[in-house]
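K.L.:
Please read through the structure below; I'll follow up with questions.
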Amino acid sequence: AMYQAKDGGKNTHHFFTDELKQAADERLKIETGLRDAVEKNELFLLYQPQIDITTGRLIGVEALVRWQHPNDGLIPPMKFIPMAEKNGLIDLVGEWVAATACRQLAIWTAQGHQVPRVSINVSPDQLRRTNVASLMRRLLSHYRLDPTRLLVELTEGALVENAERIQQMLRELKTLGVQLSIDDFGTGYSSLAYLRRLPLDELKIDKSFVADIGLNPDDRAIAQTILAMAHTRGFSVVAEGIETEEQ
Ligand code: MN
């Protein structure tokens with residue numbers, strides 16, 4: 001109830017209700033469950049394909065984490081990722097995701113499948129707290145992968161923060177040869193300064209601009225602007241959430 005009051009702009013009050021109790025119970029359940037989920041192999045990755053629109057060829061996949069809870073079924077990432085970021089479990093989850101994706105890429109390669117690269121989502125909190133560059137270095141060498149086959153996706157929020165620690169980590173990743181990508185581009189912050197400052201390789205147009213691109217001229221204009229800007233900077237562009245011919 002106290003947090004609810006604080007979120008409501010402070011200097012107010014809130015009673016503890018059944019609803020609040022339920023939400024707190026669920027949070028606690030997810031929190032304790034997530035601690036075991038990694039060890040008990042309840043997390044798994046889905047791989048979303050990225051296609052080169054001119055050739056129709058697969059250029060890579062994005063690893064997306066999911067949680068199959070033994071009793072509660074599939075728990076969507078929106079329910080456990082923000083919580084994991086708050087309580088620090090994201091470090092463990094992030095490490096598991098990176099290791100699993102690298103191992104899968106090595107397996108595909110050994111089996112002769114043409115999967116050029118894999119993208120991994122890294123949380124700003126993970127970047128701030130742990131040495132992501134040294135984790136990636138270990139994984140790349142363990143699975144004997146070319147560093148350019150690994151992309152690290154960051155949200156804009158991670159970059160705008162301008163934390164020295166995060167920038168240092170990005171430079172180290174870049175030195176390793178890992179590619180850097182900006183996720184959900186155009187949704188978070190309007191500052192474009194970081195596009196100049198940081199060693200990026202790819203922008204991902206957020207799916208909210210893609211969904212109605214055939215119908216909405218504004219969305220089309222935004223997508224075109226992002227494309228033009230990315231190309232002048234030498235970045236490649238990935239459009240998220242393509243499902244129809246028109247998109
Ligand atoms: Mn992503």
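K.L.:
Any residue at all in segment 50-69 that is in a helix (DSSP H, G or I) and either at positive phi or open to solvent by 20 Å² or more (accessible area, probe 1.4 Å) (or both)? First the steps, then the outcome.
P.N.:
Taking segment 50-69 and keeping what is in a helix (DSSP H, G or I), we get none.
Within segment 50-69 (the criterion being in a helix (DSSP H, G or I) and either at positive phi or open to solvent by 20 Å² or more (accessible area, probe 1.4 Å) (or both)), the answer is no, since none of the residues qualifies.
K.L.:
Scanning segment 179-208 for residues that are away from the ligand (no atom under 15 Å from the Cβ) and open to solvent by less than 70 Å² (accessible area, probe 1.4 Å), which turns out modelled with the lowest pLDDT?
P.N.:
Kept after step one, since they are away from the ligand (no atom under 15 Å from the Cβ), are these residues of segment 179-208: 189-199.
When the remaining residues are screened for being open to solvent by less than 70 Å² (accessible area, probe 1.4 Å), the result is 191, 193-195, 198-199.
Values: Ser191: 63, Ala193: 74, Tyr194: 75, Leu195: 77, Leu198: 81, Pro199: 85.
In this case the residue turns out to be Ser191.
K.L.:
Out of all the residues in segment 107-134, which are outside any loop (DSSP other than H, G, I, E, B), surrounded by fewer than 18 Cβ atoms within 10 Å (Cβ to Cβ) and not charged (D, E, K, R)?
P.N.:
Ile107, Trp108, Thr109, Ala110, Ser134
K.L.:
Checking Gln50 against (1) within 16 Å of the ligand (Cβ to nearest atom); (2) without any contact (Cβ under 8 Å) to a residue 60 or more places away in the chain, only one condition comes out false. Which one?
P.N.:
Evaluating Gln50 over (1) within 16 Å of the ligand (Cβ to nearest atom); (2) without any contact (Cβ under 8 Å) to a residue 60 or more places away in the chain leaves (2) as the failure.
K.L.:
While we're on this one: Search segment 174-188 for residues that are under 30 Å from Asp219 (Cβ atoms) and part of a loop (DSSP other than H, G, I, E, B) and pair each with any residue that is open to solvent by 40 Å² or more (accessible area, probe 1.4 Å) and away from the ligand (no atom under 12 Å from the Cβ) when their beta-carbon atoms are under 8 Å apart and the residues are at least 6 apart or on different chains.
P.N.:
Qualifying pairs under 8 Å: Gly186/Ile222; Thr187/Ser208; Gly188/Val160.
K.L.:
I've got another one for you. When Leu28 is evaluated against the numbered criteria (1) farther than 30 Å from Ile242 by Cα; (2) surrounded by 13 or more Cβ atoms within 10 Å (Cβ to Cβ), which criterion, by number, is the only one it fails?
P.N.:
So Leu28 meets the others, but not (2).
This table checks each residue for (1) aliphatic (A, V, I, L, M); (2) within 16 Å of the ligand (Cβ to nearest atom).
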{"site": "Glu26", "(1), (2)": "no, no"}
{"site": "Trp67", "(1), (2)": "no, no"}
{"site": "Leu74", "(1), (2)": "yes, no"}
{"site": "Lys86", "(1), (2)": "no, no"}
{"site": "Val97", "(1), (2)": "yes, yes"}
{"site": "Pro124", "(1), (2)": "no, yes"}
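K.L.:
Go through (1) away from the ligand (no atom under 16 Å from the Cβ); (2) farther than 22 Å from Leu151 by Cα; (3) of a type outside the set (A, V, I, L, M); (4) open to solvent by less than 60 Å² (accessible area, probe 1.4 Å) one by one and return the number of the condition Glu172 breaks.
P.N.:
Failing condition for Glu172: (2).
K.L.:
Looking at Gly214, is it part of a loop (DSSP other than H, G, I, E, B), within 15 Å of the ligand (Cβ to nearest atom) and on the phi < 0 side of the Ramachandran plot?
P.N.:
no
K.L.:
Is one or more of the residues making up segment 89-102 out of contact with any Pro (no Cβ under 9 Å at 6 or more places or on another chain) and without any contact (Cβ under 8 Å) to a residue 24 or more places away in the chain?
P.N.:
Scanning segment 89-102 turns up no residue that is out of contact with any Pro (no Cβ under 9 Å at 6 or more places or on another chain) and without any contact (Cβ under 8 Å) to a residue 24 or more places away in the chain.
The values are calculated or read from the model by the stated rules, or taken from the named source; none is laboratory data. Everything numeric here is computed off the predicted structure, so don't read it as measured data. Heads up, the Cβs are rebuilt from the backbone with ideal geometry, glycines too, and the neighbour counts pull from every protein chain shown. Please note that ligands, DNA and RNA were not included when accessible areas were found on the heavy atoms of the full protein model with its side chains. Shrake-Rupley method; radii C 1.70, N 1.55, O 1.52, S 1.80 Å.
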